[in-house]
1. Sort out which residues of the stretch 104-156 are surrounded by 12 or more Cβ atoms within 10 Å (Cβ to Cβ), more than 16 Å from His176 (Cα to Cα) and hydrophobic (A, V, I, L, M, F, W, C), and write them in order of number.
2. Look through the stretch 14-58, keep the residues that are surrounded by fewer than 22 Cβ atoms within 10 Å (Cβ to Cβ) and β-branched (Val, Ile, Thr), and return whichever of them is nearest to Pro173 (Cα to Cα).
3. Taking the criterion of being among the hydroxyl-bearing types (Ser, Thr, Tyr), modelled with pLDDT of 90 or more and out of contact with any Lys or Arg (no Cβ under 7 Å at 6 or more places or on another chain), would at least one residue in the stretch 103-117 satisfy it?
4. Which count do you get for residues in the stretch 85-97 that are outside any loop (DSSP other than H, G, I, E, B) and either within 17 Å of Leu131 (Cβ to Cβ) or at pLDDT below 85 (or both)?
5. Every residue in the stretch 131-145 that is modelled with pLDDT of 90 or more and either among the hydrophobic types (A, V, I, L, M, F, W, C) or within 27 Å of Asn45 (Cα to Cα) (or both), please.
6. Under 6 Å between Cβ atoms, at least 6 apart or on separate chains: pull out the pairs that start in the stretch 183-198 with a residue that is in contact (Cβ under 8 Å) with a residue 40 or more places away in the chain and end on any residue that is assigned to a helix (DSSP H, G or I).
7. Testing Gln126 on (1) within 22 Å of the chain's Cα centre (by Cα); (2) over 26 Å from Leu26 (Cβ atoms); (3) of a type in the set (S, T, N, Q), one condition comes back false. Which one is that?
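The values are calculated or read from the model by the stated rules, or taken from the named source; none is laboratory data. Predicted model only: the values in this text are computed from it and were never measured. Positions of Cβ are generated from backbone atoms using ideal geometry, with glycine treated the same way; all protein chains shown enter the neighbour counts.
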Amino acid sequence: MSSSIAQQPLIKVVNLSWQVKGKVILQQLSFSLNKRQILGVIGPNGAGKTSLLRCLLNQQNDFSGDVYFKNKKLCHYSAKQVAKSFAVVTQKATPIFALSVFDVVRMGLLPHKGLFSLDNDYDRHQIELALDKVGLMPSIYSPYHVLSGGEQQRVLIARALVQKAEILILDEPTNHLDVYYQHQILQLVNSLGITVIMTVHDLNLAAQYCDRLLLLNHGKLISNDVPKNVLTSQALTDVFGLFCHQDTDPITQTPRVSFYLKKPQATAENMSMVK
């Protein structure tokens, strides 16, 4: 995993809150992230994970609190500056029907050059390299819309790689991928050497590939720490409503969690396992 750098945080969030028609979406979230750290945002459905990403990208202007990027309020950056600094991969991309895989990945160059600028050899090499990293070089000229959901997700990650942003934001990047590509993509993300913020559904993947985790529930920050300290049996039992047990994966030596339903014959002895 990437190591923390003793310096000013690259991203700092202070008392971030957001309400929609009186409903609390996010409530006084505060945290910071250094360069080259990988932050996983976890929690049940409706916890506020994707909403937090939207606020970090300036896609919402009605929240309270502050988001700082390089010690400057994010709202003071232009849209073009944000586009250069942040690369985004969402679960549901805008439909792209007429473009090839190459064309979609090439869109990662747009914040740095004009729409009709000619590609040079370096540009093409970066596109090919990104597609090779996500395992889709053989599909470089295929129509984007004929690819499977998982393949489309990998194309969008390749586009983000070409963009060369300082911060990569991913919303459930492994949702539509099989097990092999889940690990391939997260190993790739881990090797990029840039700051990453991603929502993660699979807690064991989060533990294996993230430096830090934010655990959210009902818009509140429950825990912000290294994976072992966030993925405690008691905290996860409280948040997810299922009994949970944490141990250590014998291969990766990272925290591993298991969930199970409460059984009618549960006794005080076996319930103590979740402590």
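1. Val104, Val105, Met107, Leu109, Leu110, Ile127, Leu129, Ala130, Leu131, Met137, Ile140
2. So the residue we want is Thr50.
3. Our first condition is that a residue be among the hydroxyl-bearing types (Ser, Thr, Tyr); within the stretch 103-117, this holds for 117.
The next check asks that each one be modelled with pLDDT of 90 or more; those that pass are none.
No, the stretch 103-117 contains no residue that is among the hydroxyl-bearing types (Ser, Thr, Tyr), modelled with pLDDT of 90 or more and out of contact with any Lys or Arg (no Cβ under 7 Å at 6 or more places or on another chain).
4. To start, the set of residues in the stretch 85-97 that are outside any loop (DSSP other than H, G, I, E, B) comprises 85-89.
Among the residues that remain, those that are also either within 17 Å of Leu131 (Cβ to Cβ) or at pLDDT below 85 (or both) are: 87, 89.
Adding up the residues that qualify gives 2.
5. Residues of the stretch 131-145 modelled with pLDDT of 90 or more: 131-132, 136-144.
Residues satisfying the conditions are Leu131, Leu136, Met137, Ile140.
6. From the stretch 183-198, the pairs are Leu188/Lys133; Asn190/Tyr209; Val196/Val189.
7. Gln126 satisfies every listed condition except (1).
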